[in-house]
Amino acid sequence: MSRYRLVPTPAQETALLGHCGHARYVWNLGLEQRLMWRPGRPPTPGYVVQAAQLTEVRAAEPWLAAGSQMVQQQALRDLDQAWRNFWGGTHSRPTWRSAGKHEGFRIVGPQAQRVERLNRKWGRVQVPKVGWIRFRWSRQIPDAKSYRITLDRIGRWHIAFAAIPDPIPAPGTGEVVGVDRGVAASAALSTGVLLACPGLRATEQARLKRLQRRLARCQRGSKRRGRLKVAIARLKARERDRRKDWVEKLSTDLARRFDVIRVEALKIRNMTRSARGTVEQPGRNVRQKAGLNRGILAQGWGLLVQRLEHKAPGRVERVNAAYTSQTCAECGHCASENRESQAVFRCRVCGHTAHADVNAARNIAAGRAVTARRGTRSVPLKREPHLATST
């Protein structure tokens, strides 16, 4: 996806919101039909039947006929593809779209290719039943057959052209790098470099906390509550934009410098699961675990690996993360006493001292996956000897 900032006029913004509302309405209506299926009932209507029904609804409802038929039909196509992805096991079940949260629509076909460049910084795109809308020409427009217009929670419009960029070629030097992801250091490289994902500054964090406390005291549905939600969303968007920018720059740099990139095979969803528990079995240290979950999610672990796999396909390897932080990168000795603290690693056998995250990154770069017996996959340390059998 190549995304650009869209700058509509107030009248165009009203028309775009109308398209978003129509696409959301058609999506939810089609989803409701799909969810009515029960065992023993006939199959629910697919895209072809729903598209025919959409034509009948447009003839009966003038407010829906005033919108773009392409936008509404494409919403049904997207819904059909979402269900295909769900049954294929690659995506989760399609959910309802709500106002203010899922605002967007897609344009396909020849209409999506009506793009012109005005000058060095600006271009314009023609949207059906809206007209020409200006957008920031921040980089070259890819050759795409469709685009999607979205509105985020703080009122920013974007246009994203559906085009898969070419992967970054390998440098051909044969160098391998290991990436250890953490909370104190967002990413530690086997080269000894420690990287931190930028977030909100201290003053911004204090302002966010004040706004959240004021929000908790506001009456639901009031205008003040709405203004506070927008102010909080701006800070959250600022943090998200910084994280995405950091991930894009780091992933591009690693893909250009190294032939093979090895990362930990982490299950982030399981790691950030709530510790609240149930009424019968309440969890322990719930607030501490919630803070750890926020710290993990703020580092962009999953996004970094995802972008690495997009930019360097076939060159990203996942290594088992078991005991990589307790294993010496020099002699291979594995013991919990080797890691004296969060940042200090000192081997009890050879005396090797290094930053704990860098030591783990070196183990990851070497592909040193450790078994439950704390030995390498090739030479376990705690396996009983086998009796030799005569033939």
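The values are calculated or read from the model by the stated rules, or taken from the named source; none is laboratory data. These figures come from a predicted structure and were not determined experimentally. No Cβ is skipped: glycine too gets one built from the backbone with ideal geometry, and neighbour counts run over all protein chains shown. For accessibility, only protein heavy atoms count, side chains too; no ligands or nucleic acids. Shrake-Rupley method; radii C 1.70, N 1.55, O 1.52, S 1.80 Å.
Quick notes on this structure:
- Number of residues in the range 246-270 that are out of contact with any Leu (no Cβ under 9 Å at 6 or more places or on another chain) and without any contact (Cβ under 8 Å) to a residue 40 or more places away in the chain equals 5.
- Restricting the range 163-195 to residues that are outside any loop (DSSP other than H, G, I, E, B) and not small (Gly, Ala, Ser), the residue that is most open to solvent (accessible area, probe 1.4 Å): 194
- Checking each residue in the range 319-370 for being among the aromatic types (Phe, Trp, Tyr) and on the phi < 0 side of the Ramachandran plot picks out only 345.
- For the range 196-212, a residue qualifies if it is within 30 Å of residue 324 (Cβ to Cβ) and surrounded by fewer than 15 Cβ atoms within 10 Å (Cβ to Cβ), and the qualifying residues are 196, 198.
- For the range 70-83, residues that are open to solvent by 60 Å² or more (accessible area, probe 1.4 Å) and out of contact with any helix residue (DSSP H, G or I) (no Cβ under 8 Å at 6 or more places or on another chain) total 1.
- Residue count for the range 84-117, restricted to those that are in a loop (DSSP other than H, G, I, E, B), free of Cβ contacts under 8 Å to residues at least 40 places away in the same chain and surrounded by 13 or more Cβ atoms within 10 Å (Cβ to Cβ): 2
- If you go through the range 285-311 and keep only what is in contact with a strand residue (DSSP E or B) (Cβ under 8 Å, 6 or more places away or on another chain) and more than 28 Å from residue 250 (Cα to Cα), you end up with just 286.
Okay, residues lined up against (1) in contact with a helix residue (DSSP H, G or I) (Cβ under 7 Å, 6 or more places away or on another chain); (2) among the small types (Gly, Ala, Ser):
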residue: 9; (1), (2): no, no
residue: 24; (1), (2): no, no
residue: 31; (1), (2): yes, no
residue: 51; (1), (2): yes, yes
residue: 61; (1), (2): no, no
residue: 68; (1), (2): yes, yes
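- Of all residues in the range 213-229 being open to solvent by less than 100 Å² (accessible area, probe 1.4 Å) and touching a helix residue (DSSP H, G or I) at 6+ places or on another chain (Cβ under 8 Å), the one that is nearest to residue 153 (Cα to Cα): 228
- Total residues in the range 118-141, condition touching a residue at least 12 places away in the same chain (Cβ under 8 Å) and closer than 15 Å to residue 161 by Cα: 12
- Close pairs from the range 200-225: first touching a residue at least 24 places away in the same chain (Cβ under 8 Å) and under 22 Å from residue 299 (Cβ atoms), partner part of a helix (DSSP H, G or I) and among the aliphatic types (A, V, I, L, M), Cβ under 8 Å, at least 6 apart: 200/208; 200/235; 204/235; 207/235; 208/232; 208/235
- Candidates 220, 136, filtered to the one that is modelled with pLDDT of 95 or more, basic (Lys, Arg) and more than 30 Å from residue 356 (Cβ to Cβ): 136
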